[in-house]
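First up is the structure itself, then whatever we jot down about it.
All of the numbers you see were taken from the coordinates with simple rules; none came from a lab. Given the structure is predicted, the values throughout are model-derived calculations rather than measurements. Neighbour counts are summed over all protein chains in view; Cβ atoms, including those assigned to glycine, are modelled from backbone coordinates with ideal geometry.
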Ligand code: SER
């Protein structure tokens with residue numbers, strides 16, 4: 001049975017990924033997080049560990065598990081990273097390097113590459129004006145890689161680091177050229193889950209707006225109504241990770257892939273929320289710094305490479321995400 005390590009297992013993606021693994025029933029799951037996992041989440045894993053990816057001794061202790069795959073979800077998101085850039089660098093960059101080095105040793109010992117699934121982000125883009133953002137439309141993986149946030153800088157570096165560890169690590173060392181890391185990354189849009197709310201991200205206005213309406217609470221959106229970035233329903237986010245992990249390596253022409261689903265403005269999200277929750281109280285109070293961050297992120301992504309190489313196709317467009325996932329599920333999360 002495949003043994004997988006999930007870091008940041010208690011986070012938003014972790015919740016949905018662990019539940020997908022439980023349904024698949026084909027993997028031994030080692031779940032780790034900085035904080036204790038909620039009991040129902042812990043019950044989905046075979047081994048539960050509490051620890052910090054930035055703690056090199058702790059990460060090295062994971063070497064004893066014969067890991068086949070790692071889903072490295074632990075990170076500080078973009079808003080949190082701007083509040084503590086040094087902590088963000090330590091967790092997002094050093095944490096990733098600690099894990100990659102540990103995986104390299106596992107792979108050398110077992111003579112089998114460890115698949116390393118990495119959630120990157122639309123925050124790697126840094127478009128410097130709204131005019132340029134509008135003109136750019138759907139951006140490809142190699143455009144505008146000049147992020148303005150610590151999170152974006154961390155993630156774009158880790159994308160490159162994963163490629164380096166896979167292809168060129170220690171070119172002058174004895175074991176250079178051994179295939180030890182099989183690094184694969186998706187650049188996630190803002191993810192929207194029906195069952196959890198994110199914390200510390202700058203795309204959080206969409207899930208916050210939806211969850212506030214479901215709870216019957218007023219919501220002041222922290223970006224302008226015309227703000228447009230890509231979003232995705234959480235089930236598609238998990239599907240992307242699993243589909244990319246399952247793709248034959250010979251089909252992959254890149255290590256990092258854009259994945260798209262829908263690209264609404266905040267006003268369009270508001271309209272969808274209002275049609276589901278007609279009494280929703282939604283206002284706009286743009287936060288200048290958070291607005292400036294999302295204004296540098298692309299309005300849409302070109303995901304042709306993912307579609308071509310590993311058959312990426314989202315199951316949820318915006319209507320389906322609301323009508324068949326968010327609204328039906330969110331009702332069971334909050335008493336209405
Ligand atoms: N959701 C992330 C954030 O807002 C972007 O990938 O930081």
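Couple of notes before you dig in:
- Residues in segment 275-291 that are out of contact with any helix residue (DSSP H, G or I) (no Cβ under 9 Å at 6 or more places or on another chain), in a helix (DSSP H, G or I) and touching a residue at least 12 places away in the same chain (Cβ under 8 Å): 291 only.
- Number of positions in segment 316-325 that are within 28 Å of residue 152 (Cα to Cα) and not in a loop (DSSP other than H, G, I, E, B): 2
- Within segment 84-99, being within 22 Å of residue 117 (Cβ to Cβ) and touching a residue at least 60 places away in the same chain (Cβ under 8 Å) holds for 88, 89, 92, 93, 95, 96, 97, 99.
- If the condition is being more than 7 Å from the ligand (Cβ to nearest atom), over 17 Å from residue 18 (Cα atoms) and in a strand (DSSP E or B), then segment 181-203 contributes 181, 182, 183, 184, 185, 186, 187.
- Counted residues, segment 148-170 - those being assigned to a loop (DSSP other than H, G, I, E, B) and in contact with a strand residue (DSSP E or B) (Cβ under 9 Å, 6 or more places away or on another chain): 1
- For segment 98-132, filtering for residues that are more than 16 Å from the ligand (Cβ to nearest atom) and either under 23 Å from the mean Cα position of the chain (by Cα) or in a strand (DSSP E or B) (or both) leaves 11.
- Candidates are the residues of segment 300-315 that are surrounded by fewer than 22 Cβ atoms within 10 Å (Cβ to Cβ) and part of a loop (DSSP other than H, G, I, E, B); the one that is farthest from the ligand (Cβ to nearest atom) is 311.
- Test for residue 185: is it surrounded by 20 or more Cβ atoms within 10 Å (Cβ to Cβ), in contact (Cβ under 8 Å) with a residue 24 or more places away in the chain, more than 27 Å from residue 89 (Cα to Cα) and touching a helix residue (DSSP H, G or I) at 6+ places or on another chain (Cβ under 8 Å): no
- Unique match (being within 16 Å of the ligand (Cβ to nearest atom) and surrounded by 15 or more Cβ atoms within 10 Å (Cβ to Cβ)) among 206, 220, 138, 212: 206
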